[in-house]
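Here is the structure we will look at, set down as structure tokens.
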Amino acid sequence: MRVLLVEDSEFIRTQFLRLFEGLDFVEVVGYADSEEDAVQAIPALKPDVVLVDLNLQVGSGMHVLSRARRGGYTGKLWVLSSRDPDFYRSLCEKHGADGFYDKAHDQLQLLDDLRVLAGEKPVF
């Protein structure tokens with residue numbers, strides 16, 4: 001499963017890279033820390049899944065979702081956020097998101113969803 005991580009915080013990127021480390025069903029093909037870098041990286045790297053933070057230093061994760069869909073991206077767009085999921089989930093879906101994960105609490109669910117998408121059996 002080819003994954004692109006769109007996250008502007010080096011600390012959080014490192015946490016997610018450690019989370020994916022050693023998993024044979026996940027290959028992090030790159031990361032982007034701004035809206036423009038993400039929009040350019042998606043067609044260049046052809047990930048199966050793009051994990052998008054809503055808060056970016058330059059640009060917006062919400063715009064990444066919209067621009068990726070308008071650009072023809074058909075893979076999974078999953079949001080990683082610490083924002084209120086009850087409010088933002090439906091808004092993100094309107095912009096093209098396929099899933100919404102709380103950065104602090106949904107890491108195991110994210111791993112399981114990646115595992116299933118890759119054709120593996122879920123653990124949790």
Exercise. Would you tally the residues in the stretch 94-116 being under 20 Å from Arg83 (Cβ atoms) and either of a type in the set (D, E, K, R) or touching a Phe, Trp or Tyr at 6+ places or on another chain (Cβ under 9 Å) (or both)?
Key: 15
Exercise. Please enumerate the residues belonging to the stretch 95-113 that are under 23 Å from Arg67 (Cα atoms) and either out of contact with any strand residue (DSSP E or B) (no Cβ under 7 Å at 6 or more places or on another chain) or charged (D, E, K, R) (or both).
Key: His95, Asp98, Asp102, Lys103
Exercise. Select the helices (runs of 4 or more DSSP H) contained entirely in the stretch 56-124, then report the ones holding at least 1 residues which are of a type in the set (S, T, N, Q), under 19 Å from Glu21 (Cα atoms) and free of Cβ contacts under 8 Å to residues at least 60 places away in the same chain.
Key: 107-117
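Here is a yes/no grid of residues against (1) among the aliphatic types (A, V, I, L, M); (2) within 12 Å of the chain's Cα centre (by Cα); (3) closer than 15 Å to Leu4 by Cβ:
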residue: Arg18; (1), (2), (3): no, no, no
residue: Val28; (1), (2), (3): yes, yes, yes
residue: Glu36; (1), (2), (3): no, no, yes
residue: Ser66; (1), (2), (3): no, no, no
residue: Lys76; (1), (2), (3): no, yes, yes
residue: Ser82; (1), (2), (3): no, no, no
residue: Asp102; (1), (2), (3): no, yes, no
residue: Arg115; (1), (2), (3): no, no, no
Quiz prompt | Any hit, the stretch 1-9, residues being without any contact (Cβ under 8 Å) to a residue 40 or more places away in the chain and either assigned to a helix (DSSP H, G or I) or surrounded by 15 or more Cβ atoms within 10 Å (Cβ to Cβ) (or both) | solution = no
Exercise. With the condition kept exactly as written, say whether any residue in the stretch 35-57 is out of contact with any Gly (no Cβ under 9 Å at 6 or more places or on another chain), farther than 13 Å from Leu80 by Cα, surrounded by 16 or more Cβ atoms within 10 Å (Cβ to Cβ) and at pLDDT 95 or above.
Key: no
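The values are calculated or read from the model by the stated rules, or taken from the named source; none is laboratory data. These numbers come from a predicted model, not from an experiment. Backbone-built Cβ (ideal geometry, glycine too); neighbour counts: all protein chains shown.
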